[in-house]
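*Asks:* Supplied in structure tokens, the structure appears directly below.
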Amino acid sequence: MSANVGFITNSLTSLSASEGLRWISSQFPGSARFSSALGLEDQVITHLIGTQKLEIKIFTLDTGRLFQESYDLLDLTQKTYNQTIHTYFPHAAAVEKLVTEKGPNSFYDSVDNRKECCHIRKVEPLKRALNGAKVWITGVRADQSANRGTMQLVEWDEQHQVIKYNPLLTWTEKNVAEFIEINKIPVNTLHKKGYPSIGCAPCTRAVLPGEDFRAGRWWWESSNKECGLHESKAVLTK
């Protein structure tokens, strides 16, 4: 499948995000999946999929530690677009073992502990969500972080053995905001309270003026601000 990445890249490079998603839907009906964390970019893509009735499965990961505002948005989004958003949870036994052995807040103690929690609550459920998929669509933008700035429009994700498509990669924060306003897309109410990037409630805070976009994520540590979902060695195959 990785050999197809070059062909897909050539096919999508000149297309808008809306056109690109339509192309993916037509070429991979039933085997393209979009992972939504209900962020601003994700809401844009959900809008494009929902309003065009594309054959792309939308899913989200419920870690069990989300903000109530995120659940409210999930409910509103499904009703707005009459769109099913499949929810994947972590394995109960793994969460029970982690909390029993290390406590409910072990992620504050070290980066390794935090990544262990992220792996159980997000990375492993993602693997199940992508099982059988040929294309994984994400809301990643290049200017969100240094790590994401190295990503390509279309990549081969070796870890998940899937083609990864980032339709909003070159969009700016302004592009996203304007599209949301014009199309009246529902968004998380926390965005207006200083939360540009929203994850689990105990791991997210509002950012201060002048701080980086993802400064509020895992705010107590110095790291690349990733949970492991987008850290795999994705490669562009020509």
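*Asks:* Can you find a residue in region 124-134 that is at pLDDT 95 or above, closer than 18 Å to Ala37 by Cβ, assigned to a loop (DSSP other than H, G, I, E, B) and of a type in the set (A, V, I, L, M)?
*Replies:* Yes, some residue in region 124-134 is at pLDDT 95 or above, closer than 18 Å to Ala37 by Cβ, assigned to a loop (DSSP other than H, G, I, E, B) and of a type in the set (A, V, I, L, M).
*Asks:* Would you point out which residue out of Ser18, Ser70, Ser14 is of a type outside the set (A, V, I, L, M, F, W, C) and loosely packed, with under 15 Cβ neighbours inside 10 Å?
*Replies:* Criteria check complete, one pass: Ser14.
*Asks:* Still on this model: Conditions: (1) farther than 28 Å from Trp219 by Cα; (2) among the aromatic types (Phe, Trp, Tyr); (3) in a loop (DSSP other than H, G, I, E, B). Phe179 meets all but one. Number of the miss?
*Replies:* The number of the failed condition is (3).
*Asks:* In addition: Quick check, is Lys97 out of contact with any helix residue (DSSP H, G or I) (no Cβ under 6 Å at 6 or more places or on another chain) and surrounded by fewer than 18 Cβ atoms within 10 Å (Cβ to Cβ)?
*Replies:* Yes.
*Asks:* Just the residues that are of a type outside the set (Asp, Glu) and in contact (Cβ under 8 Å) with a residue 60 or more places away in the chain, please, taken from region 58-89.
*Replies:* Phe59, Leu61, Thr63, Arg65, Leu66, Phe67, Ser70, Leu73, Leu76, Thr77, Thr80
*Asks:* Going residue by residue through region 175-188, is there one that turns out to be among the aliphatic types (A, V, I, L, M), more than 15 Å from Val44 (Cα to Cα) and surrounded by 15 or more Cβ atoms within 10 Å (Cβ to Cβ)?
*Replies:* no
*Asks:* For residues in region 193-212 being surrounded by fewer than 13 Cβ atoms within 10 Å (Cβ to Cβ) and at pLDDT below 95, which is nearest to Arg121 (Cα to Cα)?
*Replies:* Step by step, filter region 193-212, then rank; the result is Leu208.
*Asks:* Spot the failing condition for Ala32; the list is (1) closer than 23 Å to Ile120 by Cα; (2) in contact (Cβ under 8 Å) with a residue 60 or more places away in the chain, and only one is missed.
*Replies:* With respect to (1) closer than 23 Å to Ile120 by Cα; (2) in contact (Cβ under 8 Å) with a residue 60 or more places away in the chain, Ala32 is out only on (1).
*Asks:* Looking at region 51-78 only, could you name the residues that are touching a helix residue (DSSP H, G or I) at 6+ places or on another chain (Cβ under 7 Å) and under 26 Å from Thr204 (Cβ atoms)?
*Replies:* Selection gives Ile58, Phe59, Thr60, Leu61, Thr63, Gly64, Arg65, Leu66, Phe67, Glu69, Thr77.
*Asks:* Turning to a different aspect of this structure: Out of Gln83, Gln152, Gln159, report the one residue that is surrounded by 14 or more Cβ atoms within 10 Å (Cβ to Cβ) and more than 26 Å from Arg65 (Cβ to Cβ). Spell out the reasoning first.
*Replies:* Numbers: Gln83 fails: more than 26 Å from Arg65 (Cβ to Cβ); Gln159 fails: more than 26 Å from Arg65 (Cβ to Cβ).
Among Gln83, Gln152, Gln159, only Gln152 is surrounded by 14 or more Cβ atoms within 10 Å (Cβ to Cβ) and more than 26 Å from Arg65 (Cβ to Cβ).
*Asks:* Looking only at residues that are acidic (Asp, Glu) and part of a helix (DSSP H, G or I) in region 98-123, which one is nearest to the chain's Cα centre (by Cα)? Break it down into steps so the answer makes sense when it comes.
*Replies:* Filtering region 98-123 for residues acidic (Asp, Glu) gives 101, 109, 112, 116.
Remaining after also requiring part of a helix (DSSP H, G or I): 101, 112, 116.
Numbers: Glu101: 29, Asp112: 22, Glu116: 19 Å.
Step by step, filter region 98-123, then rank; the result is Glu116.
*Asks:* Within region 99-118, is there a residue that is among the aliphatic types (A, V, I, L, M), within 23 Å of Ser25 (Cα to Cα) and touching a residue at least 40 places away in the same chain (Cβ under 8 Å)?
*Replies:* So far as region 99-118 goes, no, none of its residues is among the aliphatic types (A, V, I, L, M), within 23 Å of Ser25 (Cα to Cα) and touching a residue at least 40 places away in the same chain (Cβ under 8 Å).
*Asks:* Would you confirm whether any residue within region 230-238 is surrounded by 14 or more Cβ atoms within 10 Å (Cβ to Cβ), of a type in the set (A, V, I, L, M, F, W, C) and at pLDDT 55 or above?
*Replies:* No, that holds for no residue.
The values are calculated or read from the model by the stated rules, or taken from the named source; none is laboratory data. Just so we're clear, the structure is a prediction, and the values are computed from it rather than from any experiment. Don't worry about glycine lacking a Cβ; one is built from the backbone with ideal geometry, like all the others, and counts go over all protein chains shown.
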